[in-house]
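Scroll down for the structure; my scribbles are underneath it.
The values are calculated or read from the model by the stated rules, or taken from the named source; none is laboratory data. Quick caveat, the model's predicted, so the values are computed rather than measured. So basically every Cβ, Gly included, is an ideal-geometry build from the backbone, and we count neighbours across all protein chains shown.
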Amino acid sequence: MISKYVKGLLLVGGFLMMSTGLLVAHHGDSGRYEDKLTTVTGTVAEIVLINPHSTLVLDVKDASGKVVKWRGELGSAVALRDWCWSPDIIKLGDTVSMTGRRLKNGSPYMTLSEEARVTTAAGKDIFKGNEPGKPGQPGPCAAARTGQ
């Protein structure tokens, strides 16, 4: 039979092990992405609205006409609701442009954070990233969603 003291130590030890993972779980992207912005235009192939990072996948034709899947990493599904993202705003097959910072290794993957944009074919911004060094501003639906 294990004493209460040993059970308590195991419980505290387990909690400490789990909490350290939470402390280092979020990461910076320093050095992973190019400093310059890249813009690609294509059709929406996939939208994954999840926390902590959502993903927008576009089918983009390269210079030879071959379709390349470009992935854009966005903020959380909650943050995108502030930009009115719903099945009515952006749909599979829609033509959109995304502007962000591409991975330095040349992969068709970008972060849609600082100075990023997702723009419809009609030219309407449906997502704007924050200005460098400043927190992101709430989107047009934030006030209606939060009642502020």
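Could you please let me know if I50 is under 21 Å from C141 (Cβ atoms), modelled with pLDDT under 95 and loosely packed, with under 12 Cβ neighbours inside 10 Å? Steps first, answer last, please.
Values: under 21 Å from C141 (Cβ atoms): yes; modelled with pLDDT under 95: yes; loosely packed, with under 12 Cβ neighbours inside 10 Å: yes.
Against the criterion (under 21 Å from C141 (Cβ atoms), modelled with pLDDT under 95 and loosely packed, with under 12 Cβ neighbours inside 10 Å), I50 qualifies.
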Requested in this report: Among the residues of the stretch 69-78, write down those that are crowded, with 20+ Cβ neighbours inside 10 Å and at pLDDT below 90.
Outcome: G75
Report task. State which residue pairs qualify: first residue more than 17 Å from T39 (Cα to Cα) and aliphatic (A, V, I, L, M) and inside the stretch 122-148, second residue at pLDDT below 80 and surrounded by fewer than 11 Cβ atoms within 10 Å (Cβ to Cβ) in any location, beta carbons under 8 Å apart, and separation of 6 or more residues or different chains. Result -> A142/Q148
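Tell me the residue from K61, K66 that is at pLDDT 95 or above, surrounded by fewer than 12 Cβ atoms within 10 Å (Cβ to Cβ) and more than 21 Å from K128 (Cβ to Cβ), please.
Working: K61 fails: surrounded by fewer than 12 Cβ atoms within 10 Å (Cβ to Cβ).
Among K61, K66, only K66 is at pLDDT 95 or above, surrounded by fewer than 12 Cβ atoms within 10 Å (Cβ to Cβ) and more than 21 Å from K128 (Cβ to Cβ).
Among residues belonging to the stretch 82-119 that are among the hydroxyl-bearing types (S, T, Y) and in a strand (DSSP E or B), point out the one that is farthest from K134 (Cα to Cα).
As a first pass, look at the stretch 82-119 and keep what is among the hydroxyl-bearing types (S, T, Y): 86, 95, 97, 99, 107, 109, 111, 113, 119.
Within this subset, residues satisfying the condition of being in a strand (DSSP E or B) are 95, 97, 99, 109, 111, 119.
Working: T95: 29, S97: 23, T99: 18, Y109: 23, T111: 16, T119: 21 Å.
The extreme case among them is T95.
How many residues does the stretch 86-117 hold that are in contact (Cβ under 8 Å) with a residue 12 or more places away in the chain and either surrounded by fewer than 16 Cβ atoms within 10 Å (Cβ to Cβ) or farther than 18 Å from E34 by Cβ (or both)?
Kept after step one, since they are in contact (Cβ under 8 Å) with a residue 12 or more places away in the chain, are these residues of the stretch 86-117: 89-104, 108-117.
In the following step, the residues that additionally are either surrounded by fewer than 16 Cβ atoms within 10 Å (Cβ to Cβ) or farther than 18 Å from E34 by Cβ (or both) were identified as 89-96, 104, 115.
The number of residues fulfilling the criteria is 10.
Yes/no matrix, rows are residues, columns are (1) over 24 Å from G31 (Cα atoms); (2) touching a Lys or Arg at 6+ places or on another chain (Cβ under 8 Å):
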site: G72; (1), (2): no, no
site: L80; (1), (2): yes, no
site: M98; (1), (2): no, yes
site: R101; (1), (2): no, yes
site: A122; (1), (2): yes, no
Query - the stretch 38-85, subset in contact (Cβ under 8 Å) with a residue 40 or more places away in the chain and touching a helix residue (DSSP H, G or I) at 6+ places or on another chain (Cβ under 7 Å), residue nearest to Y109 (Cα to Cα) - result: L74
